[in-house]
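One structure is given below, encoded as C-alpha cells.
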Amino acid sequence: KTVPEKEPGSYPIPVKTWSHIAVSVTDMERAVKWYGSVLGFTLSHTDEIATPAGKFKVTWLKAPNFCLEIFETPGAKPVPPERLNPATDLKTPGNKYLTLGVTDINKTTAELKKLDVKIISRGNKSLFIRDKDGILIELAESAA
C-alpha cells in the first residue's frame, strides 16, 4: 500500500523537520569522548531527567544539521548478542542503525583505520562501524 497524496499541511500532524535521535550507553564519559574524537560531535549541553524508574544523565552532542542525545541509566546492560548479529537483529523490531553522511568514504576508511575503529562491513559508498557500546553506525558518502 502507498501513502495517499495530500496537500502539504493537510495531514493530522504535519512533520516539519528532523529533530534528533537518542541512544542509551553504559558509560556516558566514554561515549561522549568516542563520538567526539571519532565522529567530530561537540558538546551542546548536559541534563538529568527524573522518571518513575529513577534519574538518569543526558548529554546532547551536535554535528552539522544533526543532534545526538546520549543517555546513561543506572544498571544499563550491554547490547544483547542477537542485536550484534545483523542477520538476527533484522528479525527484532526497532531501529537498526544510525546513518551519518560523510564527504569521501575512502578518506573516512583511512581515518577510521588510523583511529583503530573496526569496520564491520564496507560497500562502494558506505561502511558500518560500532561505537564502544556496540551501537551500529553507517557512514555513507553523500552527494551534497
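Please treat every number below as a calculation from the coordinates, not as lab data. Keep in mind that what you see is a predicted model, and the values were worked out from it rather than measured. Reconstructed Cβ throughout: ideal geometry from the backbone, glycine too, with neighbour counts over all protein chains shown.
Brief remarks follow.
- Selected residue (criterion: nearest to VAL25 (Cα to Cα)) from residues of segment 101-116 that are touching a helix residue (DSSP H, G or I) at 6+ places or on another chain (Cβ under 9 Å) and crowded, with 16+ Cβ neighbours inside 10 Å: LEU112
- Residues that are under 13 Å from LEU39 (Cβ atoms) and not charged (D, E, K, R), drawn from segment 104-126: THR108, LEU112, LEU115, VAL117
- Of the listed requirements (1) in contact (Cβ under 8 Å) with a residue 40 or more places away in the chain; (2) of a type in the set (A, V, I, L, M, F, W, C); (3) out of contact with any Lys or Arg (no Cβ under 7 Å at 6 or more places or on another chain), LEU43 misses just one: (1).
- Look at segment 78-97: where a residue is without any contact (Cβ under 8 Å) to a residue 24 or more places away in the chain and farther than 14 Å from ILE120 by Cβ and a partner is of a type outside the set (Val, Ile, Thr) and surrounded by 12 or more Cβ atoms within 10 Å (Cβ to Cβ), sitting 6+ places away or on another chain with Cβ atoms under 8 Å, you get GLU82/ASP89; LEU90/LYS96; THR92/ARG83.
- Filter result for LEU115 (of a type outside the set (S, T, N, Q), over 20 Å from SER19 (Cβ atoms) and in contact (Cβ under 8 Å) with a residue 40 or more places away in the chain): yes
- Identity of the residue in segment 63-99, touching a strand residue (DSSP E or B) at 6+ places or on another chain (Cβ under 7 Å) and of a type in the set (S, T, N, Q), that ends up nearest to ALA31 (Cα to Cα): THR73
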